[in-house]
Amino acid sequence: MSENIVILMIGVSTLLGALGLIGLLWGIKTGQFDDQSKFIDGARFDGEDALRDAAMMEEKKMKHQEKKKNEEKAYMPPD
């Protein structure tokens with residue numbers, strides 16, 4: 001490879017890295033990554049019905065897995 005191409009590639013990659021770093025610092029400075037209400041909203045909107053539904057779905061999942069396991073044990077390939 002030519003020396004000029006290597007210098008150009010290093011310059012462009014340095015410029016792109018600097019732009020990425022500037023963007024990250026801007027995002028941190030302006031609070032783009034802060035989600036202060038995440039846990040509050042989770043507790044506020046998580047009710048007893050949602051918990052009951054989640055428990056029911058987990059129970060259905062366990063029954064389905066158990067049924068599938070039993071079907072696999074009962075399967076016998078033809079002779």
Once you place label points 7 Å from the Cα toward the Cβ at K67 and E3, how far apart are they in nm?
7.4 nm
Starting from the eigenvalues of the Cα gyration tensor, five times each then square-rooted, give me the equivalent ellipsoid semi-axes of the chain, largest first, whole Å.
53, 32, 4
Per DSSP H run of at least 4 residues, take -39500 (n - 2.57); add these up for the chain, divide by its residues and hand me the 222 nm value, nearest 500 deg cm²/dmol.
-26500 deg cm²/dmol
Result: in the chain the number of Lys pairs with C-alpha under 25 Å apart, spaced 8 or more or on different chains, is 7
If you line up the long axis of helix 3-29 against the longest principal axis of the chain, both from Cα atoms, how many degrees apart are they, to the nearest 10?
60 degrees
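No lab work stands behind these numbers, since they all come straight from the coordinates. These numbers were taken from a predicted model, which means no experiment stands behind them. So basically every Cβ, Gly included, is an ideal-geometry build from the backbone, and we count neighbours across all protein chains shown.
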